[in-house]
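A.B. asks: The structure's right below; bear with me while I get my questions together.
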Amino acid sequence: MENQPHALLLKFPGTNCDAETARALEAAGFSAEVVPITRIDEAQLERAQLVVLSGGFSYGDYVMAGRLAQLETERKLGDALTAFRDRGGYLLGICNGFQILTKLGLLPDGSLIHNTSGRFICRWVELEKRGVDNPFLGGLPDTFELPIAHAEGRFVAPGDAPDRYLAEGLVALTYGSDVNGSSCAIAGLSDSTGRVLGLMPHPERFLWKSHHYDPDWESPDGEWGMGYYMFKSIHDTIAA
Amino acid sequence: MATLTAEVTGNFDTRGDAKELVYAPLDAPAEFRRTRVYQLEYEGAEADAEAFVRRVLVDAFAEEVHFGGSPALGGYTFYLDYGMKPGALDLEREAILASYRGARNKSIEIASLKLIQRIYLFADGGLEPGRFIRDVCNPAIHVWDVTPARTTGAA
Amino acid sequence: MKHREIPIRDLDPDGLAALSEAMKLSLSAEDMLEIQLYFAEGRREPTDVELECIAQTWSEHCKHRIFGARIEHSGSGGEEVVESLFKTYIKATTERIMERKPGFVLGCFVDNAGFVKLDEERAICLKLETHNHPSAIEPYAGANTGLGGVIRDILGAGKGAKPVASCDIFCFGSPDTDAADIKADDVIHPLGIMRGVVRGVRDYGNRMGIPTVAGAIQFDPAYIYNPLVFCGTAGVIPTGDIDKEMRGDLKVIAVGGRTGRDGLKGATFSSMALDTESHESDQQAVQIGNPIEEKKVADFVLEARGRGLVVFITDCGAGGFSSAAGEMLSEVGGNLYLERAPLKEPGMTSWEIFLSESQERMVLAVEEASLPELRELAETYETELTELGESDDSGILKVWHDGQLVCELDNSRLHDAPVRRLKSEFNVAAPVADAAPLESDDPGSDLADLLADFAVGSREPVIREYDHEVQGNTVLKPLAGATGDAPQDAAVVRVDGSERLMAMGLSLLPEWGKTDPYAMGRATVDECVRALVVAGADPERIALLDNFCVGNPEDPRELGMLVETCKGIAEAADAFSAPFVSGKDSFYNYFETDEGPVSIPVTCLISGMGVVPDAGHVTGSSLRGGGNLLAVIGSSGADMGGSVYARRKSLGGRKVPETDLAAALASYEKYHKAVGEGLVLSAHDLSEGGLAVAAAEMGFSLRAGMEIDLDKLPAAGGPGVVERLFAETPSRILIEAPADAADALAEIFSGSAFAVVGATDAGHAKLRMTSGGSAVVDADLAALKDRWKTSLTPYY
């Protein structure tokens, strides 16, 4: 397809949501390519309009989620991801990808630390859309559900920073209730360009209607799930 | 060869109910907090070693690091240090060293790295460490050490 | 020297036994005589490598010598001789079914896992293993490596199957066990076992990115000293990649983790009973898993298989290189060079390298021309690849270390381990003579108590710690329904590229086996098949696995219970034409306490995979709404033996229900037809806690109230109200169907026990069960759900 947007999925040892994320990107119209960190170079970034850091446990998430992946990415790519964003590229970090983007400094200051329960949590959550003009969220309703699955998803930042992010429109998504102790219930965060989004929930796990836990859940179109609309939104933004 | 001891505390951590640590109800209420302690043996400048710890082992926004070796928290009844016994696989340690080996322009040479999980216990009426050792540590893989509060009051 | 010669040719039987003891070979004097004979014929003494190699090959863990033993059994049918439980009850059953149903089973008993056909292009496979003893000593690490090991079984199945889902089944002492009731030192409290095991599974499965979709937890004081941990993984593979064959012109490579002293003697360790000393002295057997290492290996293997670079592959499980190389090279022959193996520590001797059970290693046979591409792939995924040796057509495996020949065993001349001879006995205890129907003052409160019982209560705190949705294919989740937290009977996962889906289910009823293991065997198979069918599987397309855990096989009564169990499962599998395609057994699950030996009850886990024709067959087990009818499939009886209700009320000596296999199969086939015609909205199997618990669980979606007339239940044997509510008669299903489906359902189920028993009503939120026109249960569903949901939360 002419002008088909290209997505590059960066894979670390322990990244494990790359296949289903590529599947979702392709369903939304992207061409998608998974590239292990050992094989990445800046030329590959040139070809992509969207770089995705998918979920998993990069390097086991030892020390803290995302830290070792951050160090490895800095070694391999220097500040190439920042340059990629600055020249108009889009970056999406899902779950572990959100943690890595945060550690890389591509998102507002803050950290994703252990859930207040001290546990891994796998469940579906209600989300509220906060980023009104966010290019990843255009096709989504004001509230919708996605599944989460993480141990370190509690967003914290110094002082009143979380409130400020809300006020400045950097908060893309909030949880409908307190699921992990996140400050201001932050579930997803953008940078000031709006082209970088990190979120803890997994849109790729709600691609189809049949992914929903309730067999009577009604899809707006009878086929797709809410995650699809997220990938479709960013696809349509890039393709426009 | 120099040694650096770094204790990492979470800025957003709060005390938890100590019953989470044991398998049967406690006689009296007690609370706990966890920290991580790294013992680094290295060749190089102390400032570089501290920079390595801050860059690799500490979160800039959510954690504080305390160098020097004296306990980072006070007011405890005792603290329990435990770690993998020599020869047992410590995945976090391996991951840190693997990452370090891959680094260019190393400012320090790491000779050894030891990871210790530290649990501070707080109780008003005193607390016996025995149950906590038994339920937290396993002699099959762990070594441990208990340090009571000094009778003159905690640091 | 890194190996040594062990003189055995001149030893007498006592000397041989003493040598076995000193080297911790776990071989009997009879075994040692057989080995002596082999080396006497070869006119040389064995090396330590050779003795260790034979010991591990012949160990119970690897050879299943009790399942292959000749057993003189004295049971209800009189005296009989069973020549191998495995051949008689498992393999023969499967062979009969394969003849009746060609083309379904695509591989069983020889490879790492059994395969069945999913569709024209793909097969699915399943394997379950136990990791009991390591989990008793270090629960986190034991469960962690247990799951890691079974995942490698799938990676080594065929030319490398893709792991797509896992399940975990645990048997523990009760989490509220009083520490004073634990009659031995150094035994970890059941709650510690539970927390450690769950976290071990969590940290391996979640990091590997394999959804943990199904499981069970049994609580019984008998498991305090011997907790059981079953880990299972299912895989998907292109049909053309199932068959693999060694040739004489291949390179043998190892990928993954390094080899160390960890895990030496794991195979022989698991063939011994536990005692307090094992907790101190066998620490070498404690291994810690590294899931990221395994994830890298998995990425490598699946990519290599996809590119057609794998000729043969197997995992390094019990016995390490010796069993992996043995599997590859013992027939075709070849050379292995131990000095090439990357080591974790210096100074390892030959036998330590050859026998090490270090985790996260796979062994492959590949064409020499493929090596450069494989090396590049290993670099891409950051896993270590080593060329260990090569195959030839010599027919003999030779193992070298620094130029020295340290092991040369001719498998054509080394006989199999001698067949063991055992005795067993079993007599069913006469049940309490025809007990009158039970009375209860307050069945509603009984129901609430049952829902809060550890046997029934929600596993949500555990399930939420497992990522059950990674890979994005979990269609029927372990918790679902309108509120996303109601229990389901089995899990269903989508398979990429196929319209068909895979259901994964399981059953175990150890409480039944305490009095009637034969009935337990039949009912366990029935319950597993039923769970799969209710989840949407075609009853014609179900395959089973048998996993046994037993105490002391040298005790004729314990062995007798195993024999009876095997008879039961074989008959049931035959009746359902559901073949066994894989299985495993674990013995010596007994413990010497201060007050004598404690054995576990004979524990038979039946798990299974079923082919679901399409997503439309997946209804779930949670109520969809008001205005629908409720119907029960299957006949309800009066026998209360083995039930949770009987245990709670201390009703000893009750008869365990029988299973009418022919009737069950007929109703499952009809059920499947009804689902295909869209006549079923939701369905839940009746198991622990009987109809009342099943109805309540179905209502936990909180979509509507439920009204059930107990008098309308299809029944036989005179069940009273309590039995109708709480008996655990097998083969029953509660369904919700559209109000206008009554006639169509009656027609489909004609000839089977089936009755419309009530209706759903959106106008209230209660579970109302009546008999003789008056309410016997009238309970708020939300309140019942709260009791059920908070059963385990104080502990986990």
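The values are calculated or read from the model by the stated rules, or taken from the named source; none is laboratory data. This one's a predicted model, so the numbers in the text were calculated from it and none came from an experiment. When we count neighbours, we look across all protein chains shown, and the Cβ atoms used for this are built from the backbone with ideal geometry, even at glycine.
A.B. asks: Is one or more of the residues making up the stretch C:476-499 part of a helix (DSSP H, G or I), basic (Lys, Arg) and modelled with pLDDT of 95 or more? Before the answer, list the steps.
C.D. replies: Residues of the stretch C:476-499 part of a helix (DSSP H, G or I): none.
Checked against the condition, which is being part of a helix (DSSP H, G or I), basic (Lys, Arg) and modelled with pLDDT of 95 or more, the stretch C:476-499 yields no hits at all.
A.B. asks: Related question: I'd like to check something: does the stretch C:487-495 contain any residue that is touching a strand residue (DSSP E or B) at 6+ places or on another chain (Cβ under 9 Å), within 13 Å of another protein chain (Cβ to nearest Cβ) and closer than 20 Å to C:LEU792 by Cα?
C.D. replies: Yes - at least one qualifying residue is present in the stretch C:487-495.
A.B. asks: Being surrounded by fewer than 24 Cβ atoms within 10 Å (Cβ to Cβ) and either more than 14 Å from chain C (Cβ to nearest Cβ) or without any contact (Cβ under 8 Å) to a residue 60 or more places away in the chain (or both) is the requirement here; does A:SER210 meet it?
C.D. replies: Numbers: surrounded by fewer than 24 Cβ atoms within 10 Å (Cβ to Cβ): yes; either more than 14 Å from chain C (Cβ to nearest Cβ) or without any contact (Cβ under 8 Å) to a residue 60 or more places away in the chain (or both): yes.
So A:SER210 fits the description; yes.
A.B. asks: Additional query: Is the stretch C:304-322 home to any residue that is under 17 Å from C:SER370 (Cβ atoms), of a type in the set (Lys, Arg) and assigned by TED's automatic domain parsing to the domain that holds C:ILE237?
C.D. replies: yes
A.B. asks: Something else about it: For the stretch C:18-50, what are the residues that are closer than 13 Å to C:ASP410 by Cα and out of contact with any strand residue (DSSP E or B) (no Cβ under 8 Å at 6 or more places or on another chain)?
C.D. replies: Initial filter on the stretch C:18-50 (closer than 13 Å to C:ASP410 by Cα): C:35, C:38-39, C:41-42, C:46, C:50.
Once the filter is applied, which keeps residues that are closer than 13 Å to C:ASP410 by Cα and out of contact with any strand residue (DSSP E or B) (no Cβ under 8 Å at 6 or more places or on another chain), the stretch C:18-50 yields C:ILE35, C:TYR38, C:PHE39, C:GLU41, C:GLY42.
A.B. asks: Using the structure shown, decide if A:GLY188 is over 21 Å from A:ASP18 (Cβ atoms) and away from chain C (no Cβ under 14 Å). Please lay out each step first, then the result.
C.D. replies: Details: over 21 Å from A:ASP18 (Cβ atoms): no; away from chain C (no Cβ under 14 Å): yes.
No; evaluated as a whole, the condition is false for this residue.
A.B. asks: Name the residue that is nearest to the other protein chains (Cβ to nearest Cβ), counting only residues in the stretch C:596-617 that are surrounded by 24 or more Cβ atoms within 10 Å (Cβ to Cβ) and farther than 30 Å from C:PRO221 by Cα.
C.D. replies: Of everything passing the filter in the stretch C:596-617, C:VAL612 is nearest to the other protein chains (Cβ to nearest Cβ).
A.B. asks: Under 6 Å by Cβ, and 6 or more places apart or on different chains, what pairs join a residue from the stretch B:106-123 that is surrounded by 21 or more Cβ atoms within 10 Å (Cβ to Cβ) with one that is of a type in the set (S, T, N, Q) and assigned to a strand (DSSP E or B)?
C.D. replies: Cβ pairs passing all conditions: B:ARG118/B:THR35.
A.B. asks: What do you reckon, is C:MET520 touching a residue at least 24 places away in the same chain (Cβ under 8 Å) and over 30 Å from C:VAL777 (Cβ atoms)? Before you say what the answer is, go through the steps one by one.
C.D. replies: Working: touching a residue at least 24 places away in the same chain (Cβ under 8 Å): yes; over 30 Å from C:VAL777 (Cβ atoms): no.
Considered against the rule, which asks whether it is touching a residue at least 24 places away in the same chain (Cβ under 8 Å) and over 30 Å from C:VAL777 (Cβ atoms), C:MET520 comes out as no.
A.B. asks: Additional query: Looking only at residues in the stretch C:573-587 that are under 16 Å from the mean Cα position of the chain (by Cα) and of a type in the set (Ser, Thr, Tyr), which one is surrounded by the fewest Cβ atoms within 10 Å (Cβ to Cβ)?
C.D. replies: Looking at the filtered set, the residue picked out is C:SER586.
A.B. asks: Does B:LEU40 satisfy the criteria of being within 14 Å of chain A (Cβ to nearest Cβ) and either at pLDDT 95 or above or assigned to a strand (DSSP E or B) (or both)?
C.D. replies: On the way: within 14 Å of chain A (Cβ to nearest Cβ): yes; either at pLDDT 95 or above or assigned to a strand (DSSP E or B) (or both): yes.
The answer is yes for B:LEU40.
A.B. asks: Now for a separate question. Restrict the check to the stretch C:291-310 and report whether at least one residue is away from chain B (no Cβ under 14 Å), modelled with pLDDT under 95 and closer than 28 Å to C:VAL399 by Cα.
C.D. replies: Initial filter on the stretch C:291-310 (away from chain B (no Cβ under 14 Å)): C:297-310.
This time we only want the ones that are modelled with pLDDT under 95, so: none.
Scanning the stretch C:291-310 turns up no residue that is away from chain B (no Cβ under 14 Å), modelled with pLDDT under 95 and closer than 28 Å to C:VAL399 by Cα.
A.B. asks: Might you check whether a residue that is of a type in the set (S, T, N, Q), in the same structural domain as C:MET706 (by TED's automatic domain parsing) and within 21 Å of C:LEU450 (Cβ to Cβ) occurs anywhere in the stretch C:646-655?
C.D. replies: Taking the stretch C:646-655 as the starting set, the residues that turn out to be of a type in the set (S, T, N, Q) are C:650.
Going one step further and asking which of them are in the same structural domain as C:MET706 (by TED's automatic domain parsing), we end up with C:650.
Going one step further and asking which of them are within 21 Å of C:LEU450 (Cβ to Cβ), we end up with C:650.
Yes: the stretch C:646-655 contains one or more residues that are of a type in the set (S, T, N, Q), in the same structural domain as C:MET706 (by TED's automatic domain parsing) and within 21 Å of C:LEU450 (Cβ to Cβ).
A.B. asks: Something else: Of (1) in contact with a helix residue (DSSP H, G or I) (Cβ under 9 Å, 6 or more places away or on another chain); (2) more than 13 Å from chain A (Cβ to nearest Cβ), B:LEU57 satisfies all except one. Which?
C.D. replies: (2)
A.B. asks: May I ask you to list the residues in the stretch C:714-755 that are part of a strand (DSSP E or B) and among the small types (Gly, Ala, Ser)?
C.D. replies: If we filter the stretch C:714-755 for residues that are part of a strand (DSSP E or B), which is where we start, we get C:715, C:733-738, C:754-755.
Result: C:ALA715, C:ALA737, C:ALA755.
A.B. asks: How many residues does the stretch A:89-127 hold that are closer than 30 Å to C:THR483 by Cα, within 14 Å of chain B (Cβ to nearest Cβ) and part of a strand (DSSP E or B)?
C.D. replies: Of the residues in the stretch A:89-127, 2 are closer than 30 Å to C:THR483 by Cα, within 14 Å of chain B (Cβ to nearest Cβ) and part of a strand (DSSP E or B).
A.B. asks: Based on this model, can you work out whether A:VAL63 counts as of a type in the set (A, V, I, L, M) and touching a strand residue (DSSP E or B) at 6+ places or on another chain (Cβ under 7 Å)?
C.D. replies: In short, no.
A.B. asks: How about the stretch C:70-90: which of its residues are in contact (Cβ under 8 Å) with a residue 60 or more places away in the chain and either under 14 Å from C:ASP574 (Cα atoms) or of a type in the set (A, V, I, L, M) (or both)?
C.D. replies: The answer is C:ILE71, C:VAL82, C:LEU85, C:THR88, C:TYR89, C:ILE90.
A.B. asks: Might you check whether a residue that is more than 24 Å from C:VAL495 (Cα to Cα) and either assigned to a helix (DSSP H, G or I) or of a type in the set (Lys, Arg) (or both) occurs anywhere in the stretch A:19-30?
C.D. replies: No, because not a single residue in the stretch A:19-30 is more than 24 Å from C:VAL495 (Cα to Cα) and either assigned to a helix (DSSP H, G or I) or of a type in the set (Lys, Arg) (or both).
A.B. asks: Regarding the stretch A:33-41, can at least one residue be identified that is in contact (Cβ under 8 Å) with a residue 12 or more places away in the chain, over 22 Å from B:LEU97 (Cβ atoms) and touching a Pro at 6+ places or on another chain (Cβ under 9 Å)?
C.D. replies: Checked against the condition, which is being in contact (Cβ under 8 Å) with a residue 12 or more places away in the chain, over 22 Å from B:LEU97 (Cβ atoms) and touching a Pro at 6+ places or on another chain (Cβ under 9 Å), the stretch A:33-41 yields no hits at all.
A.B. asks: While we're looking at this one, here's another question. For residues that are surrounded by fewer than 24 Cβ atoms within 10 Å (Cβ to Cβ) and not β-branched (Val, Ile, Thr), scanning just the stretch C:511-531, find the one that is farthest from the chain's Cα centre (by Cα).
C.D. replies: Restricting attention to the stretch C:511-531, the residues satisfying the condition of being surrounded by fewer than 24 Cβ atoms within 10 Å (Cβ to Cβ) are C:511, C:514-515.
In the following step, the residues that additionally are not β-branched (Val, Ile, Thr) were identified as C:511, C:514.
Numbers: C:GLU511: 17, C:LYS514: 20 Å.
So the residue we want is C:LYS514.
A.B. asks: Can you name the helices (runs of 4 or more DSSP H) wholly within the stretch C:122-234 that have at least 1 residues being closer than 22 Å to A:ASN16 by Cβ? First the steps, then the outcome.
C.D. replies: Numbers: elements: C:132-137, C:139-155, C:190-208.
Here the list reads C:139-155, C:190-208.
A.B. asks: Can you pull out the residues in the stretch B:140-152 that are surrounded by fewer than 17 Cβ atoms within 10 Å (Cβ to Cβ) and either within 14 Å of chain C (Cβ to nearest Cβ) or of a type in the set (Lys, Arg) (or both)?
C.D. replies: B:HIS142, B:VAL143, B:ARG150
A.B. asks: Can I ask one more? Of the conditions (1) within 25 Å of C:ASP555 (Cβ to Cβ); (2) touching a His at 6+ places or on another chain (Cβ under 7 Å); (3) assigned to a loop (DSSP other than H, G, I, E, B), C:SER621 fails just one. Which one is it?
C.D. replies: Only one criterion is unmet by C:SER621, namely (1).
A.B. asks: Okay, next question. Among the residues of the stretch A:41-88 satisfying the criterion of being of a type outside the set (Gly, Ala, Ser), outside any helix (DSSP H, G or I) and within 11 Å of another protein chain (Cβ to nearest Cβ), which is surrounded by the most Cβ atoms within 10 Å (Cβ to Cβ)? Spell out the reasoning first.
C.D. replies: Of all residues in the stretch A:41-88, those of a type outside the set (Gly, Ala, Ser) come to A:41-42, A:44-47, A:49-53, A:57, A:59, A:61-64, A:67-68, A:70-77, A:79, A:81-82, A:84-87.
Still in the running and outside any helix (DSSP H, G or I): A:41, A:49-53, A:57, A:62-64, A:79, A:87.
Now narrow it down to the ones that are within 11 Å of another protein chain (Cβ to nearest Cβ): A:57, A:62-64.
Values: A:PHE57: 29, A:TYR62: 22, A:VAL63: 23, A:MET64: 24.
Filtering the stretch A:41-88 for residues that are of a type outside the set (Gly, Ala, Ser), outside any helix (DSSP H, G or I) and within 11 Å of another protein chain (Cβ to nearest Cβ), the one surrounded by the most Cβ atoms within 10 Å (Cβ to Cβ) comes out as A:PHE57.
A.B. asks: Go through the stretch C:445-473 and report how many residues are facing another protein chain (nearest Cβ under 8 Å) and either crowded, with 23+ Cβ neighbours inside 10 Å or part of a loop (DSSP other than H, G, I, E, B) (or both). Lay out the reasoning, then the answer.
C.D. replies: Pass one, the stretch C:445-473, residues facing another protein chain (nearest Cβ under 8 Å): C:463-473.
Okay, now just the ones that are also either crowded, with 23+ Cβ neighbours inside 10 Å or part of a loop (DSSP other than H, G, I, E, B) (or both), so C:464-473.
Total meeting the criteria: 10.
A.B. asks: Which residues, taken from the stretch C:701-746, are crowded, with 18+ Cβ neighbours inside 10 Å, among the small types (Gly, Ala, Ser) and farther than 15 Å from C:VAL777 by Cα?
C.D. replies: Of everything in the stretch C:701-746, those that are crowded, with 18+ Cβ neighbours inside 10 Å, among the small types (Gly, Ala, Ser) and farther than 15 Å from C:VAL777 by Cα turn out to be C:SER701, C:ALA704, C:ALA715, C:ALA727, C:SER731, C:ALA737, C:ALA741.
A.B. asks: Just checking, which of C:ILE396, C:ILE353 is among the β-branched types (Val, Ile, Thr) and in contact with a His (Cβ under 9 Å, 6 or more places away or on another chain)? Give the steps one after another, and end with the answer.
C.D. replies: Numbers: C:ILE396 fails: in contact with a His (Cβ under 9 Å, 6 or more places away or on another chain).
Answer to the selection: C:ILE353.
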